[in-house]
Amino acid sequence: MTAHPDMHETESSVREFSVSPERLRLTPEAIERRIGYGDESAPDNVRAAIEEMLAVFDSADPFRCGFRILDPGQVAFHPDRIVCGKVIFRTGSIIGRGLKGCSALALLAASAGPDLSERGRVLISEGRELAGYVLDTIASECVEQCLEHLESELAAATASWGWRLSNRYSPGYCGWDVVEQAKFFSLLHENFCGITVRSSGLMVPLKSASALVGLGENAERKDYECSLCDREDCIIRNDG
Amino acid sequence: MKETSSILQSIAQCIERGKVNRASPYPPDLRDRDGADELVRRAIDLGIDPQEILTDGLMTGMKVVGEEFRAKRIFVPEVLMAAKAMTAGMEHLRPFFASSQATHRGVMILGTVLGDLHDIGKRLVGMMVEGAGWEVIDLGTDVAPEDFVAAVERRPESVVGLSALLTTTMMNMKETVARLKEAHPETKIIIGGAPVTVAFAHEIGADAYAPDPPGAVDFLNSTVAEI
Ligand code: B12
């Protein structure tokens, strides 16, 4: 990606990747953590199921993910919303604060595809509930890792412009209503990364995720994001 | 009788630990020991009342599993193993009960509401509710309000459980509850899923909210007289 950021939308502002399973390198420890085992290790049979299902994961087809960069001319940041031409994201003030100093925006999407969760479902219906559940969890972790991967691609693509990255924010988090998912995908080409959005905002395949990242010379990544948030009852709150 | 209580205790322990049968290698410290499968068979051969095996053996074990899960000392995999052990034990008991009603405390109709395709959390609820002695009719995902109503029509004694995973699809619970209450005002409804709250349950006229499967079991049991 060599185009200059002041250049308005061109094909070069949209990039799609095909990420192989080995590239994501999911570890048994990461899956254990996602299941809930903190520092203590999982029982042997769970560990064995994780290892068996990671082998299934390793033989999966590559996953699709990608981003679109909206350059400074296409986006205006406000304390509680982002205006991208006709599309206005009502992100709320938590995300607004997190994007302070940003001048450009990247829209990210990733999908583990339908195969892993379908195989998980079949395993469950065949009486292999543990294996099926583990594979489903691996697919969730895969989506998260695809987003991480996209962030590093994004950093690499924009570093030469002196841009840094903000934290990543997803519709449905930090006070941003998941109903805006449709608007989000209206800025990406149809079937972006194989994802379609239902009227409820649900992405299909289920194991998909979307997020935005602020960009710019003054973009800032904050460590203790949860402490910024005022939603005391949030289930993923982790500020101790 | 000492032998009776000790075998029932062992059955409960097999459920707690997810020990399905003798052949299953897990958990490692119970390797080469009998599991729920063999012990329930033996209990029947000893002449213990099947109802007692069910309530004081299998269900007692499952109750502990629920408590441990809620306290985050065990996680979904252990619950799945426990449910498997439970099923292995139940297989032997079924023939002793004339009808499914006799083996069950009641019926739960479970489904993920219209617009939502999430399945796994709802299935876990179903498994644990079954383990607590209830019959579960799982309508699947993306279930329209009228399909819930039709299911209650077929089994009017049921309690209904609704699941949703997004704040948007959660809104479809409102319509479902309204339609159910209109057609069957006496039907009890419990709702759950990651974004759902007790306040939302009140707002839409559902009878209860629970954050997890043991909570669903508690509510279900509260709707029937203790056995
Ligand atoms: C893993 C995860 C994902 C994974 C996989 C999702 C999946 N389930 O397949 C991925 C990364 C793909 C993902 C994506 C998204 N996610 Co997500 N995700 C989660 C997370 C961390 C765990 C969900 C999970 O799998 N739990 C394990 C299962 C077994 O539990 P469960 O389904 O919740 O069911 C349990 C209970 O809820 C309860 N229960 C369930 N049903 C019922 C029914 C009754 C009657 C009762 C009593 C109880 C009950 O019992 C079950 C067992 O304990 C939750 C946060 C959380 N801690 O819950 C967010 C969460 C569900 N996600 C959320 C969001 C917003 C999203 C996205 C929209 C983000 C985005 N923009 O990309 C997308 C949507 C995906 C789509 N297809 O549209 C929100 C939803 C709330 C909202 N704002 O709408 C949550 C709650 C996080 C938050 N913000 O607080 N997600």
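The values are calculated or read from the model by the stated rules, or taken from the named source; none is laboratory data. What you see is a predicted model; the values in this text were computed from it and never measured. Neighbour counts are summed over all protein chains in view; Cβ atoms, including those assigned to glycine, are modelled from backbone coordinates with ideal geometry.
Which ones in segment B:35-52 are surrounded by 14 or more Cβ atoms within 10 Å (Cβ to Cβ) and either small (Gly, Ala, Ser) or in contact with a Cys (Cβ under 8 Å, 6 or more places away or on another chain) (or both)?
B:35, B:36, B:39, B:43
Say we look at segment A:184-215 and pick out the residues that are surrounded by fewer than 24 Cβ atoms within 10 Å (Cβ to Cβ) and of a type in the set (Val, Ile, Thr); which of these is farthest from the ligand (Cβ to nearest atom)?
A:196
In segment A:123-167, which residues are free of Cβ contacts under 8 Å to residues at least 40 places away in the same chain, among the small types (Gly, Ala, Ser) and within 19 Å of residue A:222 (Cα to Cα)?
Correct list: A:152, A:155, A:159.
What single numbered condition from (1) surrounded by fewer than 17 Cβ atoms within 10 Å (Cβ to Cβ); (2) in contact with a Leu (Cβ under 7 Å, 6 or more places away or on another chain); (3) acidic (Asp, Glu) fails to hold for residue A:129?
(1)
Yes/no per residue for (1) touching an Asp or Glu at 6+ places or on another chain (Cβ under 6 Å); (2) away from the ligand (no atom under 11 Å from the Cβ); (3) of a type in the set (D, E, K, R); (4) modelled with pLDDT of 95 or more:
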residue	(1), (2), (3), (4)
B:148	no, yes, no, yes
B:155	no, yes, yes, yes
B:160	no, no, no, yes
B:178	no, yes, no, yes
B:181	no, yes, yes, yes
B:186	no, yes, yes, yes
B:204	no, yes, no, yes
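Among (1) of a type in the set (Val, Ile, Thr); (2) surrounded by fewer than 19 Cβ atoms within 10 Å (Cβ to Cβ); (3) over 25 Å from residue B:125 (Cα atoms); (4) out of contact with any His (no Cβ under 7 Å at 6 or more places or on another chain), where does residue B:7 come up short?
(2)
Looking only at segment A:178-197, decide whether some residue is part of a strand (DSSP E or B) and either in contact with a helix residue (DSSP H, G or I) (Cβ under 9 Å, 6 or more places away or on another chain) or free of Cβ contacts under 8 Å to residues at least 24 places away in the same chain (or both).
So far as segment A:178-197 goes, yes, one or more of its residues are part of a strand (DSSP E or B) and either in contact with a helix residue (DSSP H, G or I) (Cβ under 9 Å, 6 or more places away or on another chain) or free of Cβ contacts under 8 Å to residues at least 24 places away in the same chain (or both).
Within segment A:128-146, can one find any residue that is within 14 Å of chain B (Cβ to nearest Cβ) and away from the ligand (no atom under 14 Å from the Cβ)?
yes
Condition check: touching an Asp or Glu at 6+ places or on another chain (Cβ under 9 Å) and free of Cβ contacts under 8 Å to residues at least 40 places away in the same chain. Does residue B:12 satisfy that?
Against the criterion (touching an Asp or Glu at 6+ places or on another chain (Cβ under 9 Å) and free of Cβ contacts under 8 Å to residues at least 40 places away in the same chain), residue B:12 does not qualify.
Quick check: anything in segment B:213-227 within 25 Å of residue A:176 (Cβ to Cβ) and within 14 Å of chain A (Cβ to nearest Cβ)? If you could, list the steps in order and put the result at the bottom.
Taking segment B:213-227 and keeping what is within 25 Å of residue A:176 (Cβ to Cβ), we get none.
Scanning segment B:213-227 turns up no residue that is within 25 Å of residue A:176 (Cβ to Cβ) and within 14 Å of chain A (Cβ to nearest Cβ).
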